Amino acid sequence: MLDRLFRRRREARAVADFYLTIAAQARLPGFYRDLGVPDTLDGRFDMVVLHVFLVMRRLKGQGAAAADRSRLLFEAMIDHFEKSLMEQGVGDSGVGRRIKTMARGIAGRIEVYDRALAASDAGDNAAALDVALDNNVYGTASDVPPHRLAVMAAYVRREAAGLEAQPLESLMAGEVRFGPPPGAGAD
(Lines give C-alpha, C1' and ligand atoms only; values in the text may rest on other atoms or scores of the structure.)
Protein backbone atom coordinates (compact mmCIF):
# COMPACT_ATOMS: atom_id res chain seq x y z
CA MET A 1 0.00 0.00 0.00
CA LEU A 2 2.78 2.43 0.87
CA ASP A 3 4.56 1.50 -2.32
CA ARG A 4 1.48 2.47 -4.35
CA LEU A 5 1.22 5.79 -2.48
CA PHE A 6 4.89 6.62 -3.09
CA ARG A 7 4.61 5.55 -6.73
CA ARG A 8 1.66 7.94 -7.21
CA ARG A 9 3.63 10.74 -5.57
CA ARG A 10 6.66 10.06 -7.77
CA GLU A 11 4.43 10.02 -10.85
CA ALA A 12 2.73 13.27 -9.81
CA ARG A 13 6.13 14.90 -9.23
CA ALA A 14 7.44 13.63 -12.57
CA VAL A 15 4.40 14.99 -14.41
CA ALA A 16 4.65 18.32 -12.57
CA ASP A 17 8.31 18.57 -13.63
CA PHE A 18 7.33 17.62 -17.20
CA TYR A 19 4.72 20.39 -17.17
CA LEU A 20 7.27 22.93 -15.90
CA THR A 21 9.64 21.99 -18.73
CA ILE A 22 6.87 22.60 -21.25
CA ALA A 23 5.85 25.86 -19.56
CA ALA A 24 9.47 27.06 -19.66
CA GLN A 25 9.38 26.85 -23.47
CA ALA A 26 6.16 28.87 -23.52
CA ARG A 27 7.79 31.58 -21.42
CA LEU A 28 10.81 32.15 -23.65
CA PRO A 29 11.19 35.92 -24.24
CA GLY A 30 11.39 35.55 -28.03
CA PHE A 31 7.67 34.87 -28.29
CA TYR A 32 6.84 38.12 -26.57
CA ARG A 33 9.69 40.29 -27.78
CA ASP A 34 9.99 39.10 -31.37
CA LEU A 35 6.57 37.74 -32.26
CA GLY A 36 4.43 40.22 -30.39
CA VAL A 37 2.61 37.73 -28.19
CA PRO A 38 1.10 39.93 -25.47
CA ASP A 39 3.37 39.76 -22.43
CA THR A 40 0.36 39.61 -20.14
CA LEU A 41 -1.36 37.03 -18.02
CA ASP A 42 -3.60 36.16 -20.97
CA GLY A 43 -0.73 35.95 -23.45
CA ARG A 44 1.35 33.73 -21.19
CA PHE A 45 -1.67 31.56 -20.37
CA ASP A 46 -2.31 30.99 -24.07
CA MET A 47 1.32 30.17 -24.81
CA VAL A 48 1.38 27.56 -22.02
CA VAL A 49 -1.89 26.05 -23.25
CA LEU A 50 -0.55 25.94 -26.83
CA HIS A 51 2.62 24.11 -25.82
CA VAL A 52 0.82 21.66 -23.53
CA PHE A 53 -1.62 21.00 -26.37
CA LEU A 54 1.27 20.14 -28.70
CA VAL A 55 2.57 17.53 -26.26
CA MET A 56 -0.91 16.17 -25.57
CA ARG A 57 -1.49 15.89 -29.31
CA ARG A 58 1.66 13.79 -29.62
CA LEU A 59 0.50 11.50 -26.82
CA LYS A 60 -2.98 11.08 -28.32
CA GLY A 61 -3.71 7.61 -29.65
CA GLN A 62 -0.52 6.11 -28.23
CA GLY A 63 -2.08 3.72 -25.73
CA ALA A 64 -3.40 3.78 -22.19
CA ALA A 65 -0.17 4.89 -20.51
CA ALA A 66 0.18 7.85 -22.90
CA ALA A 67 -3.48 8.78 -22.39
CA ASP A 68 -2.91 8.69 -18.64
CA ARG A 69 0.21 10.85 -19.00
CA SER A 70 -1.76 13.32 -21.12
CA ARG A 71 -4.54 13.51 -18.53
CA LEU A 72 -2.04 14.02 -15.71
CA LEU A 73 -0.30 16.73 -17.75
CA PHE A 74 -3.62 18.53 -18.21
CA GLU A 75 -4.28 18.23 -14.47
CA ALA A 76 -0.79 19.55 -13.65
CA MET A 77 -1.47 22.59 -15.85
CA ILE A 78 -4.81 23.22 -14.12
CA ASP A 79 -3.15 22.83 -10.69
CA HIS A 80 -0.48 25.33 -11.69
CA PHE A 81 -3.10 27.83 -12.86
CA GLU A 82 -5.06 27.31 -9.63
CA LYS A 83 -1.97 28.03 -7.53
CA SER A 84 -1.27 31.12 -9.62
CA LEU A 85 -4.78 32.42 -8.97
CA MET A 86 -4.35 31.92 -5.25
CA GLU A 87 -0.98 33.70 -5.33
CA GLN A 88 -2.71 36.61 -7.05
CA GLY A 89 -5.06 36.86 -4.11
CA VAL A 90 -8.19 35.39 -5.65
CA GLY A 91 -10.35 34.25 -2.76
CA ASP A 92 -11.05 30.59 -2.18
CA SER A 93 -14.68 31.02 -3.24
CA GLY A 94 -13.67 32.52 -6.60
CA VAL A 95 -10.92 30.05 -7.48
CA GLY A 96 -13.20 27.12 -8.29
CA ARG A 97 -15.41 29.19 -10.56
CA ARG A 98 -12.42 30.65 -12.40
CA ILE A 99 -10.76 27.26 -12.78
CA LYS A 100 -13.94 25.83 -14.31
CA THR A 101 -14.02 28.73 -16.76
CA MET A 102 -10.32 28.24 -17.54
CA ALA A 103 -10.75 24.49 -18.03
CA ARG A 104 -13.60 25.08 -20.50
CA GLY A 105 -11.48 27.65 -22.34
CA ILE A 106 -8.51 25.30 -22.45
CA ALA A 107 -10.66 22.45 -23.76
CA GLY A 108 -12.02 24.76 -26.46
CA ARG A 109 -8.54 25.87 -27.47
CA ILE A 110 -7.31 22.29 -27.62
CA GLU A 111 -10.21 21.33 -29.87
CA VAL A 112 -9.68 24.33 -32.17
CA TYR A 113 -5.91 23.80 -32.40
CA ASP A 114 -6.37 20.10 -33.07
CA ARG A 115 -8.85 20.72 -35.90
CA ALA A 116 -6.70 23.51 -37.35
CA LEU A 117 -3.53 21.40 -37.36
CA ALA A 118 -5.40 18.44 -38.84
CA ALA A 119 -6.78 20.66 -41.61
CA SER A 120 -3.34 22.13 -42.21
CA ASP A 121 -1.74 18.66 -42.32
CA ALA A 122 -4.33 17.51 -44.83
CA GLY A 123 -3.79 20.62 -46.94
CA ASP A 124 -7.46 21.54 -46.54
CA ASN A 125 -7.26 24.88 -44.76
CA ALA A 126 -3.85 26.22 -43.82
CA ALA A 127 -5.42 29.50 -42.68
CA ALA A 128 -7.37 27.74 -39.91
CA LEU A 129 -4.28 27.65 -37.71
CA ASP A 130 -3.63 31.36 -38.31
CA VAL A 131 -7.22 32.10 -37.25
CA ALA A 132 -6.94 29.89 -34.15
CA LEU A 133 -3.71 31.60 -33.11
CA ASP A 134 -5.13 35.06 -33.84
CA ASN A 135 -8.20 34.35 -31.70
CA ASN A 136 -6.28 32.85 -28.80
CA VAL A 137 -2.56 33.61 -28.57
CA TYR A 138 -3.08 37.09 -30.03
CA GLY A 139 -6.64 37.44 -28.72
CA THR A 140 -5.90 40.52 -26.64
CA ALA A 141 -3.56 42.15 -29.19
CA SER A 142 -4.80 44.62 -31.73
CA ASP A 143 -3.70 44.69 -35.33
CA VAL A 144 -1.42 41.66 -35.39
CA PRO A 145 0.62 41.80 -38.59
CA PRO A 146 -0.25 38.82 -40.80
CA HIS A 147 3.41 37.85 -41.14
CA ARG A 148 3.64 37.38 -37.36
CA LEU A 149 0.68 35.01 -37.49
CA ALA A 150 2.30 33.16 -40.37
CA VAL A 151 5.59 32.84 -38.47
CA MET A 152 3.80 31.63 -35.32
CA ALA A 153 1.75 29.14 -37.34
CA ALA A 154 4.93 27.84 -38.99
CA TYR A 155 6.49 27.46 -35.52
CA VAL A 156 3.47 25.46 -34.31
CA ARG A 157 3.59 23.19 -37.37
CA ARG A 158 7.34 22.72 -36.94
CA GLU A 159 6.97 21.82 -33.27
CA ALA A 160 4.08 19.42 -33.96
CA ALA A 161 6.25 17.64 -36.53
CA GLY A 162 9.25 17.71 -34.17
CA LEU A 163 7.23 16.13 -31.38
CA GLU A 164 6.02 13.41 -33.77
CA ALA A 165 9.67 12.58 -34.43
CA GLN A 166 10.51 12.31 -30.74
CA PRO A 167 10.33 8.78 -29.33
CA LEU A 168 7.23 8.16 -27.26
CA GLU A 169 9.44 6.59 -24.57
CA SER A 170 11.28 9.90 -24.15
CA LEU A 171 8.05 11.82 -23.71
CA MET A 172 6.77 9.23 -21.27
CA ALA A 173 10.02 9.69 -19.32
CA GLY A 174 9.33 13.43 -19.12
CA GLU A 175 11.82 14.46 -21.77
CA VAL A 176 10.65 16.91 -24.40
CA ARG A 177 12.60 18.91 -26.94
CA PHE A 178 11.29 22.04 -28.56
CA GLY A 179 13.09 24.15 -31.10
CA PRO A 180 13.83 27.80 -30.43
CA PRO A 181 11.15 30.40 -31.00
CA PRO A 182 11.38 32.17 -34.33
CA GLY A 183 13.99 34.93 -34.26
CA ALA A 184 13.86 38.68 -34.34
CA GLY A 185 13.44 38.64 -38.11
CA ALA A 186 9.73 38.09 -37.54
CA ASP A 187 8.96 41.80 -37.81
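The values are calculated or read from the model by the stated rules, or taken from the named source; none is laboratory data. Just so you know, these numbers come straight off a predicted model, no measurement behind them. Don't worry about glycine lacking a Cβ; one is built from the backbone with ideal geometry, like all the others, and counts go over all protein chains shown. The protein model used for the area step is the full one, side chains on, heavy atoms only, and it has no ligands, DNA or RNA in it. Shrake-Rupley method; radii C 1.70, N 1.55, O 1.52, S 1.80 Å.
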query = Nearest 10 degrees, 0 to 90: what angle lies between the long axis of helix 146-165 and the longest principal axis of the chain (Cα atoms)?
reply = 40 degrees
ask   = If one takes the longest principal axis of the Cα atoms in the chain, at what angle in degrees, from 0 to 90 and to the nearest 10, does the Cα axis of helix 92-121 lie?
value = 50 degrees
request  = Quote the relative contact order of the range 1-70 in percent (integer), defining contacts as alpha-carbon pairs under 8 Å separated by 6+ residues.
outcome  = 25 percent
key: Helix 64-87 axis, angle to the chain major axis (alpha carbon atoms, nearest 10°)   = 80 degrees
message = Run the simple label-point estimate for A103 and D124 please: 7 Å along Cα→C-beta, distance reported in nm.
response = 2.9 nm
message = What's the ranking of 142-155, 95-108 by average number of surrounding C-beta atoms within 10 Å, highest first?
response = 142-155, 95-108
remark   = Once Lys and Arg are counted +1 and Asp and Glu -1 for all other residues with Cβ under 15 Å from that of D42, the total becomes +1
Candidate residues F178, F31: accessible-area rank, largest first, probe 1.4 Å = F178, F31
note = Relative contact order as a percentage, the chain, C-alpha pairs under 8 Å and 6+ apart, gives 32 percent
For N125, distant residues with modelled amide H under 5 Å away = S120
